[in-house]
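One structure below.
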């Protein structure tokens, strides 16, 4: 048994290793899938933010050069020959994060479409115009000192780097990442473009270059005219200190009589941080060798708040994540805005620095948790069910093996017991027959005594054989019952006839009480066999007790008839009360070894009682002995 237990445990241990590895890999793969899903959504949020920057850059780079005037001439044949109309930039911007638009002229002067040439600044725009003028001065200072945020060289053609092929992530087989980018919209103008403008547009643009020079003329730099190559940001020249303050600088324009249209070169959009909360996004426009800078001022805090509110705050990820949008300044990293929940110890973090010209902005998305997918709940349930089935299967196999081995051991003991039980009466029968043959009895009385012993031993041998045959028939479902209506007097009388002599020889007293039992249907032969086995069991175990009494009492209650056999023997050990009706089970102990037996008597009682649709139970008395109670249906129906 110990060896079999060890083999079963070893088998399940070996089986647990690959199953445990499988479960580990399953959960590990699911965790990777959850992380990939979270990364996908986080990258999608940052991609959406970057896509909005794409649209902003695309819209601003598509503006006509003279839209930065108070009036402009729209493109298209429908507008040819008509008077200019108010510029769309002449009013307050719908984008709350744009302070306003202005143009920086070659001489450093300033103009904004919010004000018309020769007219006073509207009261509603005074504060904005003053701030734009201040930003223009700061921009001139930055250019003069060379601290501007520079862009790629202004050239007609820019070499485009080949994209680096990224290693495929875990989510690549499942997620179509091609949908995350705006395929038809490039991020920004990759090279200078050349447009044709009319003479009127050129005049409107150039007239704004007039500047009344005052004060610190020597500190003002003006761009150098170059007809052979486009001017670049760092190509500047210092205006002469002796130049009169009221000199009006005008570009040399084509003669209107010789050219009705001419070309203007427009550079990609670039940026300059004016302060910690203002950024100037501008493009260079080259016309007749003069460089104009047209752009708009972004309020960083409202801009970052807008990006967070539009693409992050309403997303479910905001319930367990935070979004930081930072700006890189000369003084270090400045946190512009923070949205979502506070994440002290993130389990997932994704950082993105946006492309030029917004490369001064970066976003960091931190998550406090990785949300579980719906598959994890299903997997958890299946794992619980699997572990439960695995454990129950192990216990069932272990218990079955234990039961089979226990039954095998009991069968082995049964064979030994039956051999002993058969050998004893056969030996006695043979001995008394030899005594009779040799005439040792001597007297007729002694011969009758020998014959009585022979009868008793043969009856004992017959009952033992009948019990074994009955058990075999019951196990093979070959035992049939014959229910006949009757009372218990005949059965009790037959039992007393069969066991009366043995009871007297053993010194026992038998009491039978069945007066209150009405006739009911039962199998008399089976019931008699049950009672004989129970009474013999009481005789066998109670012969060493000082009080030798057996009581058989029958009564009816409800729909059942009860028969109780009570003795004054040693009783049944508590731990064996539920085991004594098992096949071949014998109570361990010195008394059981002395009393002998085969271990099939009580098992046969249980099987025969169940055959009549009844039940049997055992219990110890308050005093000495035990009581075994049989319950049979009163109507006898099966």
For this session: Work out the FRET efficiency for residue 370 and residue 263 from their Cβ-Cβ distance, taking R0 = 56 Å, and round it to the nearest 0.05.
Result: 0.50
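Provide the FRET efficiency to the nearest 0.05 for the residue 579-residue 437 pair, computing r from the beta carbons and using R0 = 60 Å. Don't skip to the answer; put the middle values down first.
Working: r = 46 Å, r/R0 = 0.77.
Between residue 579 and residue 437 the formula returns 0.85.
Please compute, over every Cα-Cα pair in the range 495-553, the percentage with a separation greater than 18 angstrom.
Values: 619 of 1711 pairs.
Counting pairs separated by more than 18 Å, the tail of P(r) holds 36 percent.
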Problem set entry | Full-extension gain in nm, residue 141 to residue 496, via 0.36 nm per residue minus C-alpha separation | 114.8 nm
Seminar exercise, completed: Output ordering of 268-276, 114-122, 428-436 (per-residue mean of other Cβ within 10 Å, highest first) is 268-276, 428-436, 114-122
Exercise. What FRET efficiency comes out for the pair residue 344/residue 193, r = Cβ-Cβ distance, R0 = 51 Å, nearest 0.05?
Worked result: 0.55
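What is the gain in length, in nm to one decimal, between residue 445 and residue 130 on full extension, counting 0.36 nm per residue of separation less the C-alpha to C-alpha distance? Please report the intermediate quantities before stating the final value.
Details: separation 315, 0.36 × 315 = 113.40 nm, distance 14.88 nm.
Gain in length upon complete extension: 98.5 nm.
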For this session: Can you tell me the order of 376-382, 546-552 when each peptide is scored by its average per-residue count of other Cβ atoms within 10 angstrom, highest first?
Result: 546-552, 376-382
Problem set entry | Spin-label model distance (nm) - residue 430 vs residue 351, 7 Å beyond Cα toward Cβ | 10.0 nm
For this session: Starting from the Cα-Cα distance between residue 335 and residue 4, subtract it from 0.36 nm times their residue separation and give me the gain in nm to one decimal.
Result: 112.2 nm
For this session: Please give, to one decimal in nm, the separation of the simple spin-label points placed at residue 404 and residue 515, each 7 Å out from Cα toward the Cβ.
Result: 5.6 nm
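Using only alpha carbon pairs under 8 Å that are at least six residues apart, calculate the relative contact order of the range 480-638 and give it in whole percent.
Numbers: 275 pairs, mean separation 38.5, N = 159.
That works out to 24 percent.
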Problem set entry | Semi-axis lengths, Å, the range 273-400, gyration tensor of Cα atoms, sqrt of 5 times eigenvalues | 55, 15, 12
Problem set entry | Along each principal axis, Cα extent of the range 480-638, largest first, Å | 43, 30, 29
For this session: Just report the Cα centroid separation between the range 317-360 and the range 297-314, whole Å.
Result: 12 Å
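Laboratory data are not the source of any read-out in this text; all were calculated from the coordinates shown. Just so we're clear, the structure is a prediction, and the values are computed from it rather than from any experiment. Quick reminder, even Gly has a Cβ in these numbers, built from the backbone with ideal geometry, and neighbours come from all protein chains shown.
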